[in-house]
Amino acid sequence: MTQATTRASVTSQTIAVAHIRISSGRSFAEVRRKLEDTVPKLDTGIAEALRSGDRKRAKDYEDNGPRLSNFHERDHGALLQIAGSRRNAVQYDVGNPLTASMMTCHQLPAALYAPLRVVLFEDEHGRGIFEYDRPSSFFSQYGDERVTGWDGISTPLSMLFTQRRRLMVAS
């Protein structure tokens, strides 16, 4: 009986990432409220529809659903209580489940970045600060137009943080 020998391999690639920081003139609480009013929580039913191959439901979601959803949020600031300094800081996973599905069907490693992670925190003056990495920065590493050509995350995210900037972060 012959046994196949499989060797593990590790590769490393350095990529340039464009990091975005948007400083608000508004309080953390106000920016958080506006963000959560603008980006709805993920409709968990769409995940089930995708799992079951329900193309009709997926098409309806694409046509009528939100462009971006809040997949999950974490009160990151609460974790700092252990150090004796709780802060206002919330981490969000933001994206579109259909876009994530389409990207990862072509490049499974794209799941590292879809949905996108965004952090909102309070600065020393009580103002809200957004930070995130530009999606095209990390999706471009795959060199796959079916992933890098997707505007499904970057365009709505840009809309959220630029066109709607007046609503969320203007003073």
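Where a number appears in this text, it was derived from the coordinates with a stated rule and is not lab data. On a predicted model such as this, the values are computed, not experimentally measured, just so you know. Here the Cβ positions follow ideal geometry from the backbone for every residue, glycine too, while neighbour counts run over all protein chains shown.
Things worth noting here:
- Charge dipole of region 19-168 about the Cα centre (unit charges at C-beta), most positive-ward option of Y113, F130, F71: F130
- Scattering profile of region 1-105 at q = 0.15, 0.16, 0.24 Å⁻¹ [log10 I(q)/I(0), Debye over alpha-carbon scatterers]: -0.90, -0.95, -1.26
- Residue list for region 22-55, given a label point 7 angstrom along the Cα-to-Cβ vector of D75 and an amide N cut-off under 17 Å: 28-30, 32-33, 36
- Histogrammed with a bin width of 10 Å, the alpha carbon distances of region 65-123 distribute as 23, 38, 24, 14, 1 percent, first bin at zero.
- Whole-number Å³ per residue for the convex hull built on Cα positions in region 19-168: 122
- Nearest-0.05 FRET efficiency for K59 and R87, computed from C-beta distance (R0 45 Å): 0.60
- Gain in span if fully extended, E36 to S136, counting 0.36 nm per residue against the direct Cα distance: 33.6 nm
- Spatially proximal aspartates and glutamates relative to K34 (Cα-Cα < 18 Å; intrachain offsets below 8 disregarded): E73, D75, D93, E122, D123, E131
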